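Here is the structure we will look at, set down as structure tokens.
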4 protein chains.
Amino acid sequence: MAGNSFGNIFKLTTFGESHGVAIGGIIDGCPPGIQLDFDAIQNEMNRRKPGQSNIVTQRKEPDTVEFLSGIFEGQTTGTPIGFVIKNTNQKSKDYSHIKDVYRPSHADYTYEKKYGVRDYRGGGRSSARETASRVVAGAIAKQFLSAIQINAYTSSVGDIFLERPYQELDFSKTESNAVRCPDEATAEQMITKIKEIKKEGNTIGGTVTCVLQNVPIGLGEPVFDKLHAELGKAMLSINAVKGFEYGSGFCGARMKGTEHNDLFNEDGTTKTNLSGGIQGGISNGMDIYFRVAFKPVATVIQKQDALNSSGDIIEMQGKGRHDPCVVPRAIPIVEAMAALVIADFYLLNKMYN
Amino acid sequence: MAGNSFGNIFKLTTFGESHGVAIGGIIDGCPPGIQLDFDAIQNEMNRRKPGQSNIVTQRKEPDTVEFLSGIFEGQTTGTPIGFVIKNTNQKSKDYSHIKDVYRPSHADYTYEKKYGVRDYRGGGRSSARETASRVVAGAIAKQFLSAIQINAYTSSVGDIFLERPYQELDFSKTESNAVRCPDEATAEQMITKIKEIKKEGNTIGGTVTCVLQNVPIGLGEPVFDKLHAELGKAMLSINAVKGFEYGSGFCGARMKGTEHNDLFNEDGTTKTNLSGGIQGGISNGMDIYFRVAFKPVATVIQKQDALNSSGDIIEMQGKGRHDPCVVPRAIPIVEAMAALVIADFYLLNKMYN
Amino acid sequence: MAGNSFGNIFKLTTFGESHGVAIGGIIDGCPPGIQLDFDAIQNEMNRRKPGQSNIVTQRKEPDTVEFLSGIFEGQTTGTPIGFVIKNTNQKSKDYSHIKDVYRPSHADYTYEKKYGVRDYRGGGRSSARETASRVVAGAIAKQFLSAIQINAYTSSVGDIFLERPYQELDFSKTESNAVRCPDEATAEQMITKIKEIKKEGNTIGGTVTCVLQNVPIGLGEPVFDKLHAELGKAMLSINAVKGFEYGSGFCGARMKGTEHNDLFNEDGTTKTNLSGGIQGGISNGMDIYFRVAFKPVATVIQKQDALNSSGDIIEMQGKGRHDPCVVPRAIPIVEAMAALVIADFYLLNKMYN
Amino acid sequence: MAGNSFGNIFKLTTFGESHGVAIGGIIDGCPPGIQLDFDAIQNEMNRRKPGQSNIVTQRKEPDTVEFLSGIFEGQTTGTPIGFVIKNTNQKSKDYSHIKDVYRPSHADYTYEKKYGVRDYRGGGRSSARETASRVVAGAIAKQFLSAIQINAYTSSVGDIFLERPYQELDFSKTESNAVRCPDEATAEQMITKIKEIKKEGNTIGGTVTCVLQNVPIGLGEPVFDKLHAELGKAMLSINAVKGFEYGSGFCGARMKGTEHNDLFNEDGTTKTNLSGGIQGGISNGMDIYFRVAFKPVATVIQKQDALNSSGDIIEMQGKGRHDPCVVPRAIPIVEAMAALVIADFYLLNKMYN
């Protein structure tokens, strides 16, 4: 109820503040008998971690995950997988200046009003550091779903858009550049843009596109828990996300029925895929694709007005080591959340067979 | 788990196919002591029902809700509210031609593959008829939340956009025209457009904008169950929805941090509201607003190829009485789902105080 | 949360007060493709209904269940099964004398204090009439679980105990007498006892034993949701239940380890079964058996002191047509709840295979 | 779903095997602003831990709990409380002899059949070591519920029963002896009995009685989630529990209505309390009391037949340091689970006020 769990069958519960001792979580409902590739898990962590390139925050956090249970001789046992990630680089002093301050477009004010108390250091629970735990669980879900391909990539940074459709892209190139855009030329423009923005002490938004391939037919529940509704919730639960669309998305709202309908082939596949691989909330075996909008990071390295707890407007200067654009590091998080949604529906669907 | 429930504390479970005996639901967790206005509930039903104007489907369904429990002497008692809405105008014969046919961009194919069996009459469970039950529950949630204003309206039909921001609109005019756009001039254009489309035997998409005012500070849970994540899921669970954005939405992804941040006033309100009334997943007391994209209805009154269960492509001719544009009738559904989300978080939040 | 649902995968939600228009429920998560035997369902209803013999209440209620959805051409479709049972014999006037009165050992007082309002007619929501909806769902669960035998019977009435162990009984005789005890001689004693008690205008408690045979190995979740923990909750949720024990039960607490341990046969079965078919919360393939204690019905047809809402002790005379002993009619309810627990775990377990 | 969580609002999820790196859990939904007494938490851990007296297992485990999140400056913040307890004294070698062996009346066989794999060391997840995490959460729940008294005590060991009703006992004496029976004379008999049993290399069962005082009126949900149904499930989820009864319990099944009914006083209290403080599933303000049956520990230090994974019956000799009677160490676990149930309903009930 308090909203720190995701999923029903394959279920992740997370804990931890950015500047506490550790963050971590429990994965409950992971099937037994999965031989885990721990390097692959750590690799996902590395894709998310700070300091990996010169266009992301320069904080250094090793983000090593330690598993405490649910794994025996390298294999999942069906019992809950507990894990922790130590917070090694907390630098709490960096945040003493915001103890009594509500930064604009941060969660400081709403947490204070909701709970009456908050761990103000580095955003506490509202920090995107929490998403490291999601990446751990998502990495395990990916291994469980090894037949399904889940590929996210940066599809825009500010006004620089990757115009090519996903079908033309080579996803193996996503990791070949710091911005995680599989089109080299566009990637370069994006990187240049982010460097400019960083130099200004400013930040910039962007979008992530994610493609799921080889998803079995039949996943998703037809009424409230439609497959795209859960994917949407999953994405909107990631820090800084402002929008979600799948298939034709907002463009679909401008189209006519005869343009939008996906005609069938005899094998049940469709000639077009404006539906985005989902009909009536249930996967139809075609590629699932969706797009997620991220706002610019709220912490800018410029002077800005903030509110303090006495009700005064004060000028503050953003400090610390923040991301000029959250999108490159969000790629593995988007993939992780997609994997969690699919794993959950995949297991649920076994009851129908 | 099978996805026919929505909400945790204020919880709706629905049942029913479009051409069965009846549809209905159970509202569990509605607080006791609410004196219900049954005319207001029926009024919401009338806003959604077919046949209300010449730009919606001409099916006639009275859509009268019958309450079976949970209400005593006009007042909620805190026990579950069971209700049914009879299906009076089923015309099952209209649908015999689709018994073995999978219509393009409908849920016929995915239901058949998921369940191995389906009630093919009129879409069965995948029909938007199910949303009538949501409107009942939403109408009660609205009465519970009487201090909060929830106003949705048509913000685009095809390429005709209502360009004015919501702050300039008079929501009392939404009901004054058939398309439910509170700007008269734009409404006329939209109506003309829908009539054209209808004449073609075609359909058209559109968007709905929804504004929530006077929402208390503190609603929403900070991690997975962010207020906007639940609103997003709620909207994406409505038939034909392809996208959701709140606050700055997809536009926010093109902005810089210094442009996007909402600076505070001394009283905790903000000078701008690109955040859309939510910070870190929690309401901040400002207006909450979001936009929902609806695809064009898949049933067109033209010849189209479909697939039959033997794997043949056959030509079919859409029949029946369908909506040329789903958006006008979707307005009360969007409001109902928003009310359900808010009611749920409102009750959950009482536990913190 | 408000406690009107049972189960996770195979989930029942009920609604309805004893003297409202109707009671009913929604079964969500019933697998598709089950060809239903409607006579068998009605037969379970008849086992529970009032007026079936001269040792139960003489109220007449046909208790005919009407299905509204989720079934097509006699088969479940995987969509929610909505159903209603009309309240045909409400005689509200019988209850006007208790409008402002809290009867001893009834739920009148606690409902009033919890909700501030209540439907005082015939116990309202706290009436055992609600269990009719459980019997409907249980009857469907039994058909889903057709390979499993679920047999409950009356094992004591007051001080008259059926001393023979269940292994010696012929369950086909349970329905051959009004008290539902498969041992004829003991049944006669029990019936005589109940008739005596009835003549006094008094009531008497008793116990029900239930045996589940052919339950697959592996059902139940090992920590909080142990199979016997859910069975216990299920039974304790039935009106008038005061205790639950399985396997050796309270007697087991007097034994030594060497006496209590069930030694294995080579095929994994055990030579004894003090464990009651469950080890570590998980079924082991042996018979599951448990015992449920029912208190005497609180409504007696004698003068008794009660409390009124003004805080006065008043003398009241129980009226109406009440059961002198609840146990005979509880048999199908115990079986229904057991079936719901097993169906739920059965489906959940498919996710591990 | 996989059963490692307990509670809805105040929710505990646990992880960990007896011989893994650590056990632990996440408490989600604990209200903010509770100033924690960490010594009191550790004190509860000490009551449960091995090696505390000469009638319990002589294993040495410090059982120090380390909190990782959700607490700031000694106060709960409303965010999830993550905690770990290191397994310091694992002695895995003790268990190598049971690698391929299913011990009688243990969970070895059912885990293997359910999951296909298991951590065989010391019972793994089925070990009662898991309950240490419950005691942590229960200790916090107790502090949240500081106005409510929760007192459990040993009410029988084998055939030695504490005959005095709880009203005559001084709960402050429970901790004054190793068996946790507040009656000194009975305690001595129990201790003597356990020492005898231990000398035999055998084990013995027993019962725990628990009394909850000052519980507010109105806790519990009336249909499936009755207060006593959740208490029953909570207790039955504890290792080795075979039965649960509250109020008059199984004795109530032998009584007449006129004997069993609790007549009111003018202030709404009752003259007797056979109901056990709960009417219709809802607390009525009177003392809540219940009794829990524990079987004898299955590990005996004698030769016994077991089954191996090849299907052979083999003789094995129990080793290790096991409890001759689980009851004394179960006292804090029973109290912890009771506290979790009450905390959950207490928070849920706030929505009605």
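The values are calculated or read from the model by the stated rules, or taken from the named source; none is laboratory data. Fair warning: this is a prediction, and the values are worked out from it, not measured in the lab. Using ideal geometry, Cβ is built from the backbone for each residue, glycine included, and neighbour counts are taken over all protein chains shown.
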Next on the checklist: What are the pairs with Cβ atoms under 6 angstrom where one residue, in the range D:97-125, is on the phi < 0 side of the Ramachandran plot and among the hydroxyl-bearing types (S, T, Y) and the other, located anywhere, is in a helix (DSSP H, G or I) and crowded, with 24+ Cβ neighbours inside 10 Å? Sequence gap at least six, or different chains.
Outcome noted: D:Y102/D:D108; D:Y102/D:Y109
Checklist outcome for this item: Checked B:A152, B:A147 against criteria (over 19 Å from B:R291 (Cβ atoms) and at pLDDT 95 or above); the one match is B:A147
Next on the checklist: Could you tell me how many of the residues in the range D:107-120 are over 19 Å from A:Q35 (Cα atoms) and not aromatic (F, W, Y)?
Outcome noted: 3
Next on the checklist: If B:A137 meets every condition in (1) touching a Cys at 6+ places or on another chain (Cβ under 9 Å); (2) more than 14 Å from chain A (Cβ to nearest Cβ) apart from one, which number is that one?
Outcome noted: (2)
Next on the checklist: I'd like the residue in the range D:27-64 that is of a type in the set (A, V, I, L, M) and out of contact with any strand residue (DSSP E or B) (no Cβ under 7 Å at 6 or more places or on another chain) and, out of all such residues, is surrounded by the fewest Cβ atoms within 10 Å (Cβ to Cβ).
Outcome noted: D:A40
Next on the checklist: Can you pull out every residue in the range C:74-83 that is of a type outside the set (V, I, T), assigned to a loop (DSSP other than H, G, I, E, B) and either within 8 Å of chain B (Cβ to nearest Cβ) or over 12 Å from C:F38 (Cα atoms) (or both)?
Outcome noted: C:G78, C:P80
Checklist entry - What are the residues in the range D:103-142 that are closer than 24 Å to A:G82 by Cβ and among the polar types (S, T, N, Q), if any? => result D:T110, D:S126, D:S127, D:T131, D:S133
Checklist entry - On the given criteria, is A:T76 surrounded by fewer than 24 Cβ atoms within 10 Å (Cβ to Cβ), at pLDDT 95 or above and β-branched (V, I, T)? => result yes
Checklist entry - Residues in the range A:268-278 that are in contact with a strand residue (DSSP E or B) (Cβ under 9 Å, 6 or more places away or on another chain) and more than 19 Å from A:F250 (Cβ to Cβ): how many? => result 3
Item to check | the range A:1-35 - residue that is within 10 Å of chain B (Cβ to nearest Cβ) and aliphatic (A, V, I, L, M) and, of those, nearest to A:L347 (Cα to Cα) | outcome: A:I9
Item to check | Pair list, Cβ under 8 Å, 6 or more apart: the range B:15-35 residue more than 16 Å from B:F83 (Cα to Cα), other residue β-branched (V, I, T) and part of a strand (DSSP E or B) | outcome: B:P31/B:T76; B:P32/B:T76; B:G33/B:T76; B:I34/B:T76
Next on the checklist: Among the residues that make up the range B:238-255, is at least one of them hydroxyl-bearing (S, T, Y), closer than 30 Å to A:T258 by Cα and either in contact with a Lys or Arg (Cβ under 8 Å, 6 or more places away or on another chain) or touching a residue at least 24 places away in the same chain (Cβ under 8 Å) (or both)?
Outcome noted: yes
Item to check | Enumeration of residues in the range C:211-268 that are within 14 Å of the chain's Cα centre (by Cα), of a type in the set (G, A, S) and more than 28 Å from D:I160 (Cβ to Cβ) | outcome: C:A234, C:S237, C:A240
Checklist entry - Any residue at all in the range D:222-232 that is touching a strand residue (DSSP E or B) at 6+ places or on another chain (Cβ under 8 Å), closer than 29 Å to C:V341 by Cα and modelled with pLDDT under 95? => result yes
Checklist outcome for this item: Scanning the range C:270-282 for residues that are more than 7 Å from chain D (Cβ to nearest Cβ) and either at negative phi or within 21 Å of the chain's Cα centre (by Cα) (or both) gives C:T270, C:K271, C:T272, C:N273, C:L274, C:G276, C:G277, C:I278
Item to check | Selection within the range C:226-269 - hydrophobic (A, V, I, L, M, F, W, C), facing chain D (nearest Cβ under 7 Å), farther than 30 Å from D:E200 by Cβ and out of contact with any Gly (no Cβ under 6 Å at 6 or more places or on another chain) | outcome: C:A229
Next on the checklist: For the structure I just gave you, tell me whether D:I71 is of a type in the set (A, V, I, L, M), farther than 23 Å from D:H19 by Cβ and within 14 Å of another protein chain (Cβ to nearest Cβ).
Outcome noted: yes
Next on the checklist: Under 6 Å between Cβ atoms, which residue pairs at least 6 apart in sequence (or on different chains) link something in the range D:127-150 that is within 16 Å of D:F6 (Cβ to Cβ) with a partner that is part of a loop (DSSP other than H, G, I, E, B) and not polar (S, T, N, Q)?
Outcome noted: D:A132/D:D63; D:F144/D:I34
Checklist outcome for this item: Of the residues in the range B:37-57, those that are charged (D, E, K, R), closer than 26 Å to B:N202 by Cα and assigned to a loop (DSSP other than H, G, I, E, B) come to B:K49
Next on the checklist: Consider the range B:57-73. How many of its residues are at pLDDT 85 or above and within 19 Å of the chain's Cα centre (by Cα)?
Outcome noted: 3
Checklist entry - Looking only at the range A:183-224, which residues are part of a loop (DSSP other than H, G, I, E, B) and surrounded by 24 or more Cβ atoms within 10 Å (Cβ to Cβ)? => result A:T203, A:G205, A:V215, A:L219, A:G220, A:E221, A:P222, A:V223, A:F224
Checklist entry - How many residues are surrounded by 24 or more Cβ atoms within 10 Å (Cβ to Cβ) and within 11 Å of chain B (Cβ to nearest Cβ) if we restrict to the range A:103-130? => result 14
Checklist entry - When the range A:3-36 is examined, which residues are found to be assigned to a loop (DSSP other than H, G, I, E, B), touching a Ser or Thr at 6+ places or on another chain (Cβ under 8 Å) and of a type in the set (A, V, I, L, M)? => result A:V21, A:I34, A:L36
Next on the checklist: If I filter the range B:305-336 down to residues being touching a strand residue (DSSP E or B) at 6+ places or on another chain (Cβ under 6 Å) and within 9 Å of chain A (Cβ to nearest Cβ), which single residue comes out as nearest to B:Y109 (Cα to Cα)?
Outcome noted: B:L307
Next on the checklist: Looking at A:I288, A:I314, A:I301, A:I278 in this structure, which one is under 30 Å from A:Y102 (Cβ atoms), in contact (Cβ under 8 Å) with a residue 12 or more places away in the chain and in contact with a Leu (Cβ under 8 Å, 6 or more places away or on another chain)?
Outcome noted: A:I314
Next on the checklist: Quick check on D:A234: is it of a type in the set (A, V, I, L, M, F, W, C), in contact with an Asp or Glu (Cβ under 8 Å, 6 or more places away or on another chain), crowded, with 24+ Cβ neighbours inside 10 Å and in contact (Cβ under 8 Å) with a residue 60 or more places away in the chain?
Outcome noted: no
Item to check | Scan of the range B:342-353 for residues that are touching a Leu at 6+ places or on another chain (Cβ under 7 Å) and within 11 Å of chain A (Cβ to nearest Cβ), ordered by number | outcome: B:F345, B:N349, B:M351
Checklist entry - Any chance the range D:137-159 includes a residue that's of a type in the set (D, E, K, R) and surrounded by fewer than 19 Cβ atoms within 10 Å (Cβ to Cβ)? => result yes
